[in-house]
Amino acid sequence: MNRTKNINPLIKARWLLLVLTAFPVLSHEAFAALRASFSLDACSWHATHIVVATEGEKIDGVLMLQDETLVNRYGEVVEAFAKAGGRSVGPELTELIKQELVFWKKTAPNLKVGWWNGAGLDWSEVEPLRNRYGKILEAFYALRKIHFVGCKTAVTEFRDFWRSLPQLEDKRGLDSMSEACDAVLKELAK
């Protein structure tokens with residue numbers, strides 16, 4: 001005899017919904033709160049937001065950008081930093097551009113065209129470069145949004161350097177950086 005035959009379809013649907021919504025709660029990561037310790041990597045992998053918390057008038061997001069454990073989240077840290085601080089973080093973002101320009105001036109001449117896809121590099125070297133690329137690109141996006149006039153010289157210098165090397169200004173898809181610089185400068189000219 002089929003017991004479920006006489007059960008109201010609405011009750012079946014509610015039971016199925018309960019099972020489907022409870023299942024994710026029973027996953028491995030969900031039990032982290034029940035244990036005395038848990039895997040930070042596993043928790044951060046499933047994290048959806050980065051929260052910038054600070055006390056006082058200054059946003060201390062620059063400290064987060066020096067934290068090597070957040071290297072694969074640098075772009076998100078810069079975005080959160082800019083959203084939290086608005087125009088007041090313009091000087092820090094400008095300083096970040098200057099620091100990254102020093103890095104890329106030292107690193108880029110040794111890169112080959114196609115470095116993004118591993119040309120001339122071990123794969124272990126590609127990801128850190130991509131993370132730095134994402135960090136600085138996000139800084140340009142943020143500077144465009146906050147309209148910080150004090151960044152004009154740094155953005156221009158960065159763009160001009162980027163365009164001077166074919167391994168950086170690769171027209172096959174790696175020209176987002178100079179385009180982002182142009183967008184910042186265009187916004188500042190308004």
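The values are calculated or read from the model by the stated rules, or taken from the named source; none is laboratory data. These numbers come from a predicted model, not from an experiment. With ideal geometry, Cβ positions are generated from the backbone for all residues, glycine too; neighbour counts draw on all protein chains shown.
Things worth noting here:
- Set side by side, the residues 144, 130, 159 differ, and just one is surrounded by 12 or more Cβ atoms within 10 Å (Cβ to Cβ), touching a Ser or Thr at 6+ places or on another chain (Cβ under 9 Å) and charged (D, E, K, R), which is 159.
- Matching option when the condition is among the hydrophobic types (A, V, I, L, M, F, W, C), touching a residue at least 24 places away in the same chain (Cβ under 8 Å) and within 15 Å of residue 101 (Cβ to Cβ), among 137, 188: 137
- Subset of the stretch 172-185 that is touching a residue at least 40 places away in the same chain (Cβ under 8 Å) and part of a helix (DSSP H, G or I) - its residue that is farthest from residue 147 (Cα to Cα): 177
- Among the candidates 116, 123, 104, residue that is surrounded by fewer than 17 Cβ atoms within 10 Å (Cβ to Cβ) and within 21 Å of residue 72 (Cβ to Cβ): 123
- Pairs where the first residue, in the stretch 140-156, is over 13 Å from residue 78 (Cα atoms) and the second is outside any helix (DSSP H, G or I) and not hydroxyl-bearing (Ser, Thr, Tyr), C-beta under 9 Å, 6+ apart: 147/190
- Cβ-Cβ contacts under 7 Å between residues 6 or more apart (or on different chains), taken from a first residue in the stretch 96-107 that is assigned by TED's automatic domain parsing to the domain that holds residue 78 to a second residue that is surrounded by fewer than 17 Cβ atoms within 10 Å (Cβ to Cβ) and not aromatic (Phe, Trp, Tyr), are listed as 101/157.
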